[in-house]
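The values are calculated or read from the model by the stated rules, or taken from the named source; none is laboratory data. Remember, it's a predicted structure, so these values are computed and weren't measured experimentally. Cβ sites come from the backbone with ideal geometry, for glycine too, and all protein chains shown count toward neighbours. Just the protein is used for accessible areas: all its heavy atoms, side chains included, with ligands, DNA and RNA removed. Shrake-Rupley method; radii C 1.70, N 1.55, O 1.52, S 1.80 Å.
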Amino acid sequence: MSRGFVKDGDQEETPMVAPRAYLPEGMPNYVTASGLEALQNEMKELEDEKKSATDRVTANWLAARIALVDERIRSARLQEVPEDCSKVAFGHWVSFRRGGKDFTVRITGVDEADASKSLVSFIAPLAKNLLGHSAGEKIACEGPKGQDSIEILAISATPLSSGSESTGATVTIQETSVAKSSVSKDTKTIEIEIPAVQEKDGSSRPLAEPQVTEDPMERLPIVNERGVTIGSAARFQVHDGSRLLHPVVHLQLYNSKGELYLQKRPEWKKTQPGKWDTAVGGHIGFGEKPDNSLQREMEEELGITGPKPKFVRTYIMDNPVEREFVYLYTAVWDGPVNPTAETDGGRFWTKDELRDAIGKGKLTPDLENYVKTIL
């Protein structure tokens, strides 16, 4: 980051640290042996990172993360996996059938839960439906279309064989049948007419103005406050006020003069239309790594592949429409920027221009917060 955007003393500030996975107050912190080992390994990795930290901000940020992990380790209540598999218990692997599909999950502690690995927290609705029931039982529960049922096929104290496992199925933590005027389950894309783009404020025009399409049923990851995937939801669900926390990438792009590149959001965007925003912003796909997502979004939005982004931190962006788990990056780039039709153009802004835009409704709220910190 250019020193022109950093005031004296900024390096003493501690970045915000996202909380650990949610655990209700008073609820015991049950863990499996593998879950406790994962916490201990995480602690060691953080301590090693802190020893090699070269600046106080990073060291303070790591110290805050270490304190949270330490609290979880100290409060952990190790639970041995019961050999008796007559009823589903904490730590068991469970194979079940729901909606005509077979799934296999393991019931674990909140920190170990990871839907991409079929690990389900013991406080999750699915686990609550399974706990205490036996193989062969059918359990009534709420589904996407009202009343549903789960049939338990097998219970095991060890990983179930591949013959009992789901092949590629993802446990979804939330479905909805809420209808949207612009979205239906029979519609695979949204077609939007992009208004004519006018040159103004020195901004560049998109290379082309094709019809923009989105898939409202695209599956996006849902994460907990640590950024661990705990399920998935359709694209339209995460933008309908459900406040499901989902991961995104943001890139703040500078040139060597310390100017900040902003993109103009098209008028057809559902949120913050027509405002200036971070250079690159986009959803992380299910199973996609943040770094890979950022590289893809840079090419899709700005038509560039040359910058070498540097990871800065994560934080949670919360607004009435959605909640996003943001992976923030910065990069320096003096080459050409070729904004595509996903944006309404863009340009580099000077420090004075940014300062003048604050409080005038020109910038998205998240970008304005960022600009205030660098000014």
(Q) So in region 14-37, with the set limited to residues that are over 16 Å from Arg74 (Cβ atoms) and among the polar types (S, T, N, Q), which one is modelled with the lowest pLDDT? (A) Thr14
Q: Assess whether Thr343 counts as being under 25 Å from the mean Cα position of the chain (by Cα), within 15 Å of Leu262 (Cα to Cα), among the β-branched types (Val, Ile, Thr) and at pLDDT below 90.
A: yes
Q. Just for region 33-60: of the residues that are in contact (Cβ under 8 Å) with a residue 40 or more places away in the chain and in contact with a helix residue (DSSP H, G or I) (Cβ under 9 Å, 6 or more places away or on another chain), which one is nearest to Gly227 (Cα to Cα)?
A. Leu39
Q) What pairs can you find where one residue is in region 119-136 and in contact (Cβ under 8 Å) with a residue 60 or more places away in the chain, the other is small (Gly, Ala, Ser) and in a loop (DSSP other than H, G, I, E, B), and their Cβ atoms are less than 8 Å apart, with a gap of 6+ or different chains? A) Ser121/Ala21; Ser121/Gly109; Ser121/Ala113; Phe122/Gly109; Ala124/Ala113
**Q.** From Asp55, Asp48, residue being loosely packed, with under 13 Cβ neighbours inside 10 Å, modelled with pLDDT of 90 or more and over 24 Å from the mean Cα position of the chain (by Cα)
**A.** Asp48
**Q.** Residue ID - modelled with the highest pLDDT, chosen from residues in region 136-174 that are among the acidic types (Asp, Glu) and open to solvent by 70 Å² or more (accessible area, probe 1.4 Å)
**A.** Glu142
Q. Within region 31-62, restricting attention to residues that are in contact with a Leu (Cβ under 9 Å, 6 or more places away or on another chain) and hydrophobic (A, V, I, L, M, F, W, C), which residue is nearest to Arg313 (Cα to Cα)?
A. Leu62
Q) Between a first residue in region 76-88 that is free of Cβ contacts under 8 Å to residues at least 60 places away in the same chain and surrounded by 15 or more Cβ atoms within 10 Å (Cβ to Cβ) and a second residue that is assigned to a strand (DSSP E or B) and not small (Gly, Ala, Ser), which pairs have beta carbons less than 9 Å apart while being 6 or more apart in sequence or on different chains? A) Ala76/Asn29; Ala76/Tyr30; Ala76/Val31; Gln79/Tyr30; Gln79/Val31
Q: Give the residue that is modelled with the lowest pLDDT, with candidates limited to residues of region 255-289 that are acidic (Asp, Glu) and in contact with a helix residue (DSSP H, G or I) (Cβ under 9 Å, 6 or more places away or on another chain).
A: Glu288
(Q) Of the conditions (1) surrounded by fewer than 19 Cβ atoms within 10 Å (Cβ to Cβ); (2) in a strand (DSSP E or B); (3) of a type in the set (A, V, I, L, M, F, W, C), Ala331 satisfies every one except a single condition; which number is it? (A) (1)
Q | Members of region 325-375 found to be aliphatic (A, V, I, L, M) and under 15 Å from Ala279 (Cα atoms), listed by number | A | Val326, Leu328, Ala331, Val332, Val337, Ala341, Leu354, Leu363, Leu367, Val371
